[in-house]
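Every number here is computed from the coordinates shown, using simple stated rules; none is lab data. These numbers were taken from a predicted model, which means no experiment stands behind them. Cβ placement follows ideal geometry from the backbone for every residue including glycine, while neighbour counts extend to all protein chains displayed.
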Amino acid sequence: MLTPINSTLFTFERNNKMEQQTEKKKIVFSAIQPSGTITLGNYLGAVKNWVNMQDEFNCIYALADLHTITVRQEPAKFRKNIIDAYASILACGIDPEKSLFFIQSHVNTHAQLAWVLNCYTQFGELSRMTQFKDKSAKHADNVNAGLFTYPTLMAADILLYQADMVPVGADQKQHLEISRNIADRFNGLYGNVFKVPEPYIPTKGARVMSLQDPTKKMSKSDENVNACVTLMDSPDVIMKKFKRAVTDSEACVKYAEGKDGINNLMGIYSCITGKTFEQIEAEFEGKGYGDFKTAVGEAVIEELRPVREKYEQYIADKTYMQECYTKSAEIAQKYSQRTLSKAMKKIGFVMP
Ligand code: TRP
């Protein structure tokens, strides 16, 4: 049994007793969709940075399950994905005593503010979102209204917490931009209701590409299983995938344009070991790709070993996880309600 957490210990709540604060930590918000196993790409590109930000900032993290149903989900699998993702992210090192980490649908202010923001967002600007265009082409049989208003729900997620910074990958930058525009527009009409968030581009972290087609982002929905490493892959499987990684015919470990496969492996290796590209090039000078691939595979295996072990611990202790997400959601609910109420009051709603 894992030790139950004590919600009064949440530094988030302590730090947000504004009156008592001398130095205010910046607020960070980010979320990830629970749409399957967490990949090495999610880990190195996002979650590892979330972990590293926990001491410096007031971090609020969510599993964006409401966003996930914009694509049809099989109920049992969806439920399992949410619990698996929660356990995996805890296992990566998100500490529920330092940060909030909740499930979006447990905090009802998100859907409420999203509705309000829908009425302050134009059809035209939502039509221009590249993710909407891509996803509606991909799911042509289900171009639902949720897919269209996905960005306003994301804006609600962020604006509810008066977040100063939002760590996002390149593919979500346009969504952050529209969140900023919505906040500016609303503030222009009603005064300062929302903090206008800044994107946060972490100094560390890698954009991990497919091991089979390194011009494409690593994705769990890839048809080729060897393209993607997940946090739940066994050491043997991880090594096999790295040994089969697509490279080039040069046999020279060097970061260069056109060497997408090697660049990707170098990015992964650098992100895990902290070595620079120059150091990596020196380390593998005169050695072949076989040695390099084995070294990258081993680095990934050792990095993910404790994550997998902790995942097993968390997934076996549903009571503990439930306590984590329930307590986080309670605090998130209280905090976000203040922003929602403020916005609704400004609009002219009669407050209860
Ligand atoms: N749309 C994001 C993604 O798919 C997840 C997300 C939802 C998010 N709400 C957010 C990210 C708010 C940052 C801030 O990756």
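Observations
- Counting all C-alpha pairs of the range 43-106, share separated by more than 16 Å (%): 48
- Debye-sum result for the range 241-328 in log10 I(q)/I(0), which assumes one identical scatterer on each alpha carbon, at q = 0.16, 0.25 Å⁻¹: -0.66, -1.24
- Farthest positive-ward along the chain dipole, Cα basis, beta-carbon charges - from P352, C228, Y200: P352
- Given charges at Cβ of Lys, Arg, Asp, Glu: the chain dipole, positive-most of F292, F277, F57: F57
- Cα-based radius of gyration for the range 115-213, normalised by 2.2 N^0.38 Å, reads 1.19.
- Distance between modelled label sites at V350 and F277, nm, 7 Å Cα→Cβ extension: 6.4
- Against the chain, whose longest principal axis comes from its Cα atoms, helix 75-92 is set at around 70 degrees.
- Computed over the range 183-279, the range of Cα coordinates on each principal axis works out to 60, 32, 23 Å, biggest value leading.
- A111 paired with E56, simple spin-label distance in nm, labels 7 Å along Cα-to-beta-carbon: 3.6
- Projecting the Cα atoms of A76, A163, Q104 onto the charge dipole of the range 64-166 (Cβ charges, centred on the Cα centre) puts A76 farthest toward the positive pole.
- Taking 0.36 nm per residue of sequence separation and removing the Cα-Cα distance, the I69/K220 pair yields an extension gain of 52.7 nm.
- The orientation-averaged projected area of the convex hull spanned by the Cα atoms of the range 190-229 comes to 5.2 nm².
- By definition, a body whose alpha carbon gyration tensor gives a ≥ b ≥ c is oblate when a/c is 1.5 or more and a/b is not larger than b/c, and the range 61-169 fits this oblate description.
- In the structure shown, the pairs K135/K173; K243/K287; K216/K275; K48/K259; K98/K173 are assessed against 19 Å; a Cα-Cα span above that value is assigned to K216/K275; K48/K259; K98/K173.
- Helix 289-315 and the longest principal axis of the Cα set of the chain meet at an angle near 40°.
- Modelled FRET efficiency - R0 22 Å, F78 with V237, Cβ distances, 0.05 increments: 0.35
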